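Heads up: the structure comes next, in structure tokens.
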Amino acid sequence: MADIVIELQNVSYRYPVSDDYVLKDVSFTIEKGKFTAIIGNNASGKTTLCNAIRGFIPHFYKGDLEGIVRVGGKDTQETQLGQMAEQVGYVFQNPFIQVSGVKDNVFEEVAYGLENLGVPVDEIRLRVEEILKLVNIGHLRDKNPFELSGGQRQRVALASIIVMDPDILVIDEPTSQLDPVGTEQIFDIIRLMKERGKTIVLVEHKMDLIAEYADNLLVMSEGKLVMQGPVREVFGNPEYERYNIQYPHVTEVALQLQKSGMPLAFLPVKDSELAEALNLKGVVACD
Amino acid sequence: MKPNALLQLHPMTKFYFSLFILAVVLIVPGYWFAFSVFLGLVAISLLAGVFKEFIGIVLKALVSVLVIVFLMQIFFFPGEQVLWRWWIFEIKQEGVYYGLILTSRILAIGSAFVLFFRMTEVRDFVKSLEDKGMPPMGAYVVLSTLQIIPEMRRQANTIMEAQKTRGVETEGSLFVRAKAFIPTLTPLILSSIAGTEERALTLESRAFSAPVKKTSLHKLTKSRADRILPILFVLIILGLLVWRVVLWQTS
């Protein structure tokens, strides 16, 4: 049995002065080193769930939290917010606000978290250099963070977090401002982080990429965790259709083909599988 | 380009220098001295290569204040020797003398601090205060304010454009523009308040409140001059004080 790093037990939450629960009785566990994607339509509670994992709920946002959230074996209710920064890196949605506001250039901006963690200066320089190269923003190093475009800021925000080398990365829609090429690059970085043994929780709407990279899926709908499991199982489950969430394009196509009478060898979720899923039948038909 | 030795001084040294000027000008009597201190400051600004900005700010900010102060003094300072009189206004010898002393001192002290901020990056100054023990929270407040003001100006422009597309008149007479101000200002303030929440989260996720001692890429070094000059300043002030006391007792 692998290590469980994130564990939620019957978690319900409502924001202050709100009557409705945003999270309703959510329970799941995430094992170390797994890449888990949270999917769901807008306002289904994905970001709130991220906040709960990071400990911003209940430490920053008050409101009523029921149930237990354990990260790295410790109850987040009892951990201090400041202590969690090193353990859980959180990149959030709005890239325009994710700037420290005290640094003149991207290099120092990325270094800011390490300064706060008290890392020696020489080491900071090395680590920042490495991350700038990794995230492909070396050419921005002397620019003012306030003068960057949305996509550039998103990359700087991601770099600023992964440079701190947290064990768990919670990433909330990191590609909303990026073009397809930029998006691929971000996913490449996330995959690299996974290879380095990080546990990754990602909120994302781009199903094709999720199918390509993620291990497990958590499907949120109206505050409830309605489905969970390995990516292929979840997409393959007929129940998934009920929640009106997008399929990966290839799965969508395959399902349509299936409906119109073409049998499938299996349900493809990655682009590269489509041929194989159809081909088997195709070969038989030729005979 | 050769780095300027004066600009290279530690911010604290420059700050002590301003305090030193303040003390000296108050200790030494007479306006001739204070005016010559001002000339000295002008010379320093030339050497440091910040003359243009320095003199610009002094002219814009200080001179109007000085003129008002001087006029107040020459007309309203109580005295005997009337130099010139018109209707209820009288210029008195004592008033002129006191006005000159006051304005020369304000000029010297004010321009000493103007020069300080021309020669020192606020970032460096805040860093040196942090080294002296100012909490990082305070340092953050000062530095973020510096960056947020231009950011808010940009945002105000965006909001202004947005309101324009919604048909709010933003050009024309003063009254029209004043009316457009309110629909611009309200969203600006509201969005800034909303922004603070996310800013706080950003800082939190960058380990701002991590319970460890912070390090900094930004290092200030102290040269030999930085160690000697403050001592020199204190010695001169002490010397001047002794001189004043002796002068006062013998007279």
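Structure summary
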item: Unique match (being out of contact with any Ser or Thr (no Cβ under 7 Å at 6 or more places or on another chain) and not small (Gly, Ala, Ser)) among B:LEU71, B:LEU66; result: B:LEU71
item: Options A:LEU202, A:LEU192: the member that is open to solvent by less than 10 Å² (accessible area, probe 1.4 Å) and either under 30 Å from A:LYS24 (Cβ atoms) or out of contact with any Lys or Arg (no Cβ under 7 Å at 6 or more places or on another chain) (or both); result: A:LEU202
item: Sole residue being small (Gly, Ala, Ser) and touching a residue at least 24 places away in the same chain (Cβ under 8 Å), chosen from A:GLY151, A:GLY118; result: A:GLY151
item: Residues located in region A:215-233, provided they are surrounded by fewer than 21 Cβ atoms within 10 Å (Cβ to Cβ), farther than 14 Å from A:ASN41 by Cα and in contact (Cβ under 8 Å) with a residue 12 or more places away in the chain; result: A:ASP215, A:ASN216, A:GLN228, A:GLY229, A:PRO230, A:ARG232
item: Pick from region A:5-64, criterion of a type in the set (A, V, I, L, M, F, W, C) and in a loop (DSSP other than H, G, I, E, B), ranking: most open to solvent (accessible area, probe 1.4 Å); result: A:VAL17
item: Of all residues making up region A:109-158, the number that are among the hydroxyl-bearing types (Ser, Thr, Tyr) and under 19 Å from A:GLN177 (Cα atoms); result: 1
item: Residue within region B:193-200 that is free of Cβ contacts under 8 Å to residues at least 24 places away in the same chain, more than 9 Å from chain A (Cβ to nearest Cβ), among the charged types (D, E, K, R) and not in a loop (DSSP other than H, G, I, E, B) present; result: no
item: Matching residues in region B:25-41 - criterion: being open to solvent by less than 40 Å² (accessible area, probe 1.4 Å) and either in contact with an Asp or Glu (Cβ under 6 Å, 6 or more places away or on another chain) or in contact (Cβ under 8 Å) with a residue 24 or more places away in the chain (or both); result: B:VAL25, B:ILE27, B:VAL28, B:GLY30, B:ALA34, B:VAL37, B:PHE38, B:LEU41
item: Residue match in region B:145-158 (condition: within 14 Å of chain A (Cβ to nearest Cβ), surrounded by 14 or more Cβ atoms within 10 Å (Cβ to Cβ), aliphatic (A, V, I, L, M) and closer than 26 Å to B:GLN8 by Cβ); result: yes
item: Some residue of region B:190-197 being of a type in the set (D, E, K, R) and either more than 30 Å from A:GLU86 (Cβ to Cβ) or in contact with a Phe, Trp or Tyr (Cβ under 6 Å, 6 or more places away or on another chain) (or both); result: no
item: Filtered residue count, region A:85-113, keeping only those that are within 18 Å of A:VAL170 (Cα to Cα), crowded, with 20+ Cβ neighbours inside 10 Å and at the interface with chain B (Cβ under 9 Å from one of its Cβ atoms); result: 9
item: Top-ranked residue of region A:130-152 - restricted to ones that are out of contact with any helix residue (DSSP H, G or I) (no Cβ under 7 Å at 6 or more places or on another chain) and within 12 Å of chain B (Cβ to nearest Cβ), ranked as least open to solvent (accessible area, probe 1.4 Å); result: A:ASN144
item: Evaluation of B:MET134 against (1) exposed (fewer than 15 other Cβ atoms within 10 Å of the Cβ); (2) part of a helix (DSSP H, G or I); (3) without any contact (Cβ under 8 Å) to a residue 12 or more places away in the chain (one fails), failing number; result: (2)
item: Test: B:LEU115 is away from chain A (no Cβ under 14 Å), under 28 Å from B:PRO11 (Cα atoms) and open to solvent by less than 60 Å² (accessible area, probe 1.4 Å); result: yes
item: Residue match in region B:77-86 (condition: surrounded by 13 or more Cβ atoms within 10 Å (Cβ to Cβ), more than 18 Å from B:TYR98 (Cβ to Cβ) and among the hydrophobic types (A, V, I, L, M, F, W, C)); result: no
item: Hey, B:ILE101 among the β-branched types (Val, Ile, Thr) and modelled with pLDDT of 85 or more or not; result: yes
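For (1) in contact (Cβ under 8 Å) with a residue 24 or more places away in the chain; (2) part of a helix (DSSP H, G or I); (3) at the interface with chain A (Cβ under 9 Å from one of its Cβ atoms); (4) open to solvent by less than 40 Å² (accessible area, probe 1.4 Å), each residue gets a yes or a no:
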{"residue": "B:MET160", "(1), (2), (3), (4)": "yes, yes, no, no"}
{"residue": "B:THR202", "(1), (2), (3), (4)": "no, yes, yes, yes"}
{"residue": "B:ALA210", "(1), (2), (3), (4)": "no, no, yes, yes"}
{"residue": "B:LYS222", "(1), (2), (3), (4)": "yes, no, no, no"}
{"residue": "B:ILE236", "(1), (2), (3), (4)": "yes, yes, no, no"}
{"residue": "B:TRP248", "(1), (2), (3), (4)": "no, yes, no, no"}
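The values are calculated or read from the model by the stated rules, or taken from the named source; none is laboratory data. All of these numbers come straight from a predicted model, not from anything done at the bench. We place every Cβ from the backbone using ideal geometry, glycine too, and count neighbours over all the protein chains shown. For accessibility, only protein heavy atoms count, side chains too; no ligands or nucleic acids. Shrake-Rupley method; radii C 1.70, N 1.55, O 1.52, S 1.80 Å.
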